[in-house]
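The values are calculated or read from the model by the stated rules, or taken from the named source; none is laboratory data. Keep in mind that this is a model prediction, so the values were computed, not measured. With ideal geometry, Cβ positions are generated from the backbone for all residues, glycine too; neighbour counts draw on all protein chains shown.
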């Protein structure tokens with residue numbers, strides 16, 4: 001997949017991702033098509049630039065505009081399919097530009113995106129099951145190309161040549177983090193996450209947590225507070241996956257915006273949640289570390305906070321009533 005030619009499989013994959021982004025992530029079909037085309041060709045031709053991707057897309061899709069591709073790229077950032085590397089001074093180094101090209105973006109694992117959302121194609125390909133099932137091999141091949149450039153091992157090697165800290169600061173949305181954890185987790189891995197509440201268990205995120213656990217990994221969740229919303233889902237995870245899920249909360253509620261995610265000794269993310277002006281903006285700014293010493297420091301900080309926290313028991317979860325529950329409504333009405 002190193003040459004600049006497209007194939008029937010490329011176009012089939014773009015069509016499938018267009019439906020996925022349109023049904024589950026993006027808002028408009030035109031934006032979804034631009035997002036799918038940009039995502040596929042950015043990984044396939046990396047390191048690359050916008051003009052090269054646009055030229056390839058125009059060759060396959062008549063009357064395709066640059067603004068449409070830009071809107072698709074923006075939608076990928078909002079939906080957490082890519083993260084945007086922040087333009088810091090160190091990134092002006094020639095070695096960094098040579099390694100990453102002009103499009104400073106970190107895409108999510110294409111196989112993880114495909115496996116998480118391909119069930120959305122059931123209605124689209126109801127009468128034609130082959131197009132969806134036949135793309136598994138394509139995304140396996142695209143994953144191989146992806147790993148050659150974006151796996152933690154390759155990133156560690158590249159950043160070692162460009163930057164002493166072996167770290168990247170980025171702007172991103174929450175699904176990008178979960179997809180990165182899912183992509184690299186394996187049986188016996190430990191995913192450690194510090195969150196501020198249970199909004200992280202919204203429907204759009206649930207598939208990632210379950211797939212991480214299905215791979216045989218363990219998840220340690222440290223919550224900033226016992227948010228009553230969706231604690232029933234935490235109870236479901238604890239009951240379904242038994243000792244693979246541990247959830248604790250800090251003794252005092254706070255409103256800090258810090259978020260932490262650590263996966264074994266592969267990478268760690270230290271980030272802050274922002275207050276975006278609109279809901280259609282990425283939510284976090286953080287630094288992704290690949291240096292082993294930095295990862296160890298962040299993990300030690302997490303373990304210190306974990307030691308001072310309290311476990312959320314199943315009894316507490318079961319006793320919490322949903323926000324809509326009203327004891328008066330549970331009584332039988334009076335009959336005249």
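Annotations
- For the range 81-91, the criterion of being in a helix (DSSP H, G or I), in contact with a strand residue (DSSP E or B) (Cβ under 8 Å, 6 or more places away or on another chain) and either at pLDDT 90 or above or closer than 23 Å to residue 169 by Cβ (or both) is met by at least one residue.
- Residues in the range 39-72 that are in contact with a helix residue (DSSP H, G or I) (Cβ under 6 Å, 6 or more places away or on another chain), without any contact (Cβ under 8 Å) to a residue 40 or more places away in the chain and assigned to a loop (DSSP other than H, G, I, E, B): 64 alone.
- Just one residue in the set 144, 199, 120 is out of contact with any strand residue (DSSP E or B) (no Cβ under 8 Å at 6 or more places or on another chain), at pLDDT 90 or above and assigned to a helix (DSSP H, G or I); that residue is 144.
- Any chance residue 86 is surrounded by fewer than 20 Cβ atoms within 10 Å (Cβ to Cβ), closer than 11 Å to residue 42 by Cβ, under 21 Å from the mean Cα position of the chain (by Cα) and in contact (Cβ under 8 Å) with a residue 60 or more places away in the chain: no
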